[in-house]
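> One structure, pasted below without further comment.
The values are calculated or read from the model by the stated rules, or taken from the named source; none is laboratory data. All figures in this text were calculated on a predicted structure; none of them were measured in a lab. Using ideal geometry, Cβ is built from the backbone for each residue, glycine included, and neighbour counts are taken over all protein chains shown. SASA here: full protein model, heavy atoms, side chains in, ligands and nucleic acids out. Shrake-Rupley method; radii C 1.70, N 1.55, O 1.52, S 1.80 Å.
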Amino acid sequence: MNKKTVLWILLDLVFLIVFNTVFFVMGGNSHPTSTWISYGFIHFSYLMVCITPFLTRKSISATIFGYALQAVSSTYFLVELVVGVVFIVWKQETINYALVVQIIIAGVYLVLLLSHLLANEHTADQAKKQQIEVDFIKECSARIKPISRVITDKKLKKEIERVYDLLHASPSRSTADAKAFESQIVDLISQLESSIDSENTENMLKIIKSLVLTIEKRNGVLKSSK
């Protein structure tokens, strides 16, 4: 456990220590059930504030997700603290009002929290999908670039550079129909890499022709799906 973690734990404990000290010193140990219910809900709301940062899924939008979730949990804690203290001071013998009111508040909070978590999961999945699509173009372009550097034949070099430019200008998004062409593109690049040592210009030109055609087909599918 590092120093930063220890400091955060100590910071989280400050409220619990202060609240419980005031609660037991000022009120003692003898309380009606309604008070203990309020005591429990206040601690639950504070616990949710403490664990909310761990509910945020790691992604490029994690910071935004974290702020939204923390705002929901912090608001619930503040509302519950006020309501809970009111019921603690009121000291009702019946538990009806304290229980029903605080369950309703907790229910509203949980609905908001879960709604945000579901929205965050969807956004994170979309961001991950977009990153994978961008990486496809980057990785393919990165594999083509070194090939053009080692080729000495001017015609072949020009054709490989054409493939690079075509890939570089291709849409980064993808669809289910485009995936089949993307698999073929990866396979053709592998064939092109393998054929470098053979110095078979005719074969390499044939592979490049297939590669250009497949990239154009992929791009055509994406354009038609807009």
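> Taking 25 Å as R0, compute the FRET efficiency from the Cβ-Cβ separation of residue 200 and residue 173 and round it to 0.05.
The calculated FRET efficiency here is 0.10.
> To continue, here is another question. For region 21-106, go through all pairs of different Cα atoms, get the mean of 1/r, take its inverse, and jot down that Kirkwood value in Å.
14.0 Å
> What angle, in degrees between 0 and 90 and rounded to the nearest 10, separates the Cα long axis of helix 154-168 from the longest principal axis of the Cα atoms of the chain?
Around 20 degrees separate the two axes.
> In percent, how large is the relative contact order of the chain, given Cα pairs closer than 8 Å and 6 or more residues apart?
17 percent
> What does the convex hull of the alpha-carbon atoms of region 34-164 project to on average, in nm²?
With the hull built on Cα positions only, its mean projection is 9.5 nm².
> May I ask you to derive the FRET efficiency for residue 14 and residue 134 from their Cβ-Cβ distance with R0 = 45 Å, giving the value to the nearest 0.05?
About 0.55, to the nearest 0.05.
> In the P(r) worked out for region 138-223, what percent of Cα pairs fall beyond 18 Å?
37 percent
> Can I ask one more? Probe of 1.4 angstrom, ligands and nucleic acids ignored: what's the accessible area per residue over the chain, in square angstrom?
62 Å²
> Rank these residues by their accessible area, most exposed first, probe 1.4 Å: 197, 12.
Ranked from most to least accessible, the order is 197, 12.
> Another question, then. For residue 122 and residue 216, FRET efficiency with R0 = 25 Å and r from the beta-carbon atoms, rounded to 0.05?
That gives a FRET efficiency of 0.15.
> Straight-line reach from residue 4: which aspartates and glutamates have a Cα under 20 Å away, not including same-chain ones fewer than 8 places off?
12
> Now a separate question. Give me Rg over Rh for region 1-61, both radii from the alpha carbons and Rh done the Kirkwood way, two decimal places.
Numbers: Rg = 15.5 Å, Rh = 13.9 Å.
Rounded to two decimals, Rg/Rh equals 1.12.
> Mind listing P(r) for region 94-198? All alpha-carbon pairs, 10 Å bins, whole percents.
Result, from short to long distances: 12, 29, 18, 12, 9, 8, 7, 4, 1, 0 percent.
> Consider just the alpha-carbon atoms of the chain and return their Rg together with their Dmax, both in angstrom.
Values for the chain (Cα only, Rg and Dmax): 30.6, 93 Å.
> Now a separate question. Give me the base-10 log of I(q)/I(0) for region 177-226 at each q in 0.20, 0.21, 0.22, 0.24 Å⁻¹, Debye formula, one uniform scatterer per Cα, rounded to two decimals.
-0.64, -0.69, -0.73, -0.81
> For region 148-186 and region 94-110, write down the distance between their C-alpha centroids in whole Å.
Cα centres, region 148-186 to region 94-110: 61 Å.
> Over region 115-171, one equal point on each Cα, no solvent: what is log10 I(q)/I(0) by the Debye formula at q = 0.20, 0.21, 0.27 Å⁻¹?
For region 115-171, the Cα-only Debye profile gives -0.73, -0.76, -0.98.
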